[in-house]
Amino acid sequence: MQMFRRTYAEVNIDHLEFNLQQIRQHYSTEVFLCPMVKANAYGHGDAPFALNLERLGVKYLGVCLIEEGLLLRNSGVRCEILVFRGFDAAGAKTILQHKLTPVVSSWEQLDYLDVASEKAISLHLKFDTGMNRLGFSSHDAEKILEKINSKKKWQVKSILTHLVQGEDGVDVNGRTVQQTRELQKICQVFSKHKIFMHALNSAGIISQIEVRKKKQTDHPLYHLQSGLRPGLMIYGYNPLGAGVGLELKPVMSLKSQASVFRQIKAGETVSYNGTWKAKKDSIIAVVPIGYADGYHRLLSNQNQALFAEEKVPVVGNVCMDYLMLDVTEVVKKKKLSLDQEHSVVLFGFQGEAFLSAEEVAKNCKSITWEMLTSVGERVPRVYVGKSVEQSKEVGADL
Ligand SMILES: *Cc1c(COP(=O)(O)O)cnc(C)c1O
């Protein structure tokens, strides 16, 4: 695709590989490792990203929607794909037809699967241990076992749950420890089946690594054998705070180019409604990215971007297609020419400089997950790295 507007999300596959290796280092190769690639791979571009994960040796991938699973299958992804959101009767048929793996979280879904196929089906059963969102009640474990045992074709593969606040995993009295204990009890009910359990998301995984690093052998997470469902961490952000447990490298850099500069006088305002007024004569860079690209309007006058490897403030209201930066100081300090384009990074890396998507998220009262998944559809994803599986549609033409 030819890029007329040079605004794009650069996705660094070497960083993805680094993050995966960081996780793998701490676990045996046998452990169930299912990176979550729902929501357009957290904004990193569904199929090309999934194909890169597959190339890096991943055997399982997790999505939310059946639609997401189909998209990956139709793009040639061969891994086992777990569909977490649940399904209706038609969904059950589609899941099985396309060799997707159902995560079952209700009695109805068991019946839909029963009707959908006479063949053997592997089941992953989701239990609600405190999230109060999806999943069977733990009190129903025995009844479910009875139902499963009544059908020869059903084979339970795993028992899973989702953590309320994996960040507290390091705390012996935290909810994570409570929830994993509850799940272990449910697993005992299914002990005659060859099952494993999975509960750990990024925060849970990092908590476990931290507990093991500190050799807290009396901590329940130290010994916990659980499958892994990392999301945010494979994209390079650490929900427990940078440096806790392990090092990660952010995968996405959101980039643009400023080609238009305005020299304005003290007292003039910038953008809609004039919410920013220049205190002195200023140089304003116009950057072709806006809230329609996922750069939240709440960041107006509240955030920074990288320009010539320095942090500069976003000034005035963020527009649908543009935002403006006050680059006065940097232009003077570095004696930059305004007759040429200058690269802008909204978050991620620019040379030696780095601006965290986590910090940007905080500036609009959001979280890193939302910041990444918000990056809009019209922003091309460009994959870089040593050995990259490029998407055909967004083959970079920079
Ligand atoms: C999204 C998701 C994850 C990953 O969560 P992170 O906090 O991004 O690591 C794990 N499990 C389930 C069921 C999810 O939906």
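The values are calculated or read from the model by the stated rules, or taken from the named source; none is laboratory data. From a predicted model like this one, the values you see are computed outputs, not experimental measurements. Here the Cβ positions follow ideal geometry from the backbone for every residue, glycine too, while neighbour counts run over all protein chains shown. What goes into the accessible areas is simple: the full protein's heavy atoms, side chains included, and nothing from ligands, DNA or RNA. Shrake-Rupley method; radii C 1.70, N 1.55, O 1.52, S 1.80 Å.
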Using the Cα centre as the reference, give the magnitude of the dipole from point charges on the C-beta atoms of region 105-226 (Lys, Arg: +1; Asp, Glu: -1; all else neutral), rounded to the nearest 20 debye.
500 debye
Which far-off residues, 5 or more places away or on another chain, put their amide H under 5 Å from the one on residue 305, with H placed in the peptide plane?
312, 314
Taking protein heavy atoms only, a 1.4 Å probe, and rounding to whole percent, the accessible area of region 249-321 owed to carbon and sulfur comes out at 48 percent
What are the ³J(HN,Hα) couplings of region 336-351, residue after residue, when phi is run through the Karplus curve with 6.51, -1.76, 1.60 and θ = phi - 60°? Round to Hz, x for glycine and proline.
7, 7, 9, 8, 10, 6, 10, 6, 10, 10, 7, 7, x, 9, 9, x
Amide H contacts under 5 Å for residue 36, placed H, 5+ residues apart:
62, 231
For residue 156, the residues 5 or more places away or on another chain with a placed amide H closer than 5 Å to its own amide H are 123
Would you calculate the separation in nanometres between label points at residue 142 and residue 338, each defined as 7 Å from the Cα along the Cα-to-beta-carbon direction?
7.8 nm
Provide the convex hull volume over Cα atoms per residue for the chain, in Å³.
153 Å³
For the chain: accessible area per residue (Å², 1.4 Å):
47 Å²
Mind running the shape call on region 64-133? Use the C-alpha gyration tensor, a ≥ b ≥ c as the square roots of the eigenvalues: rounded below 1.5 for a/c, prolate if a/b tops b/c, oblate otherwise.
oblate
Quick calc, residue 321 & residue 216: beta-carbon distance into FRET formula, R0 45 Å, rounding 0.05, result 0.30
Go through region 192-203 residue by residue and turn each phi into a ³J(HN,Hα) via Karplus (6.51, -1.76, 1.60, θ = phi - 60°); whole Hz please, and just put x for glycine and proline.
6, 8, 7, 10, 10, 10, 9, 9, 8, 8, 3, 5
Gyration tensor verdict on region 248-361 (Cα atoms; rounded if a/c is under 1.5, prolate if a/b is larger than b/c, oblate otherwise)
oblate
Row for region 1-76, column shape: gyration tensor on C-alpha, a ≥ b ≥ c, rounded if a/c < 1.5 i.e. under 1.5, prolate if a/b over b/c, else oblate; value oblate
Please report the net charge: other residues with Cβ closer than 10 Å to the Cβ of residue 281, K and R +1, D and E -1.
+2
With axes computed from alpha carbons, what is the tilt in degrees of helix 46-55 against the longest principal axis of the chain, rounded to the nearest 10 within 0 to 90?
60 degrees
Any chance you could run the full-extension gain for residue 192 through residue 242? It's 0.36 nm times the residue separation minus the Cα-Cα distance, nm to one decimal.
13.9 nm
Length-normalised contact order of region 2-158 in % [C-alpha pairs under 8 Å, at least 6 apart]
14 percent
For residue 29 and residue 297, calculate 0.36 nm times their separation in residues minus their Cα-Cα distance, and state this gained length in nm to one decimal.
92.1 nm
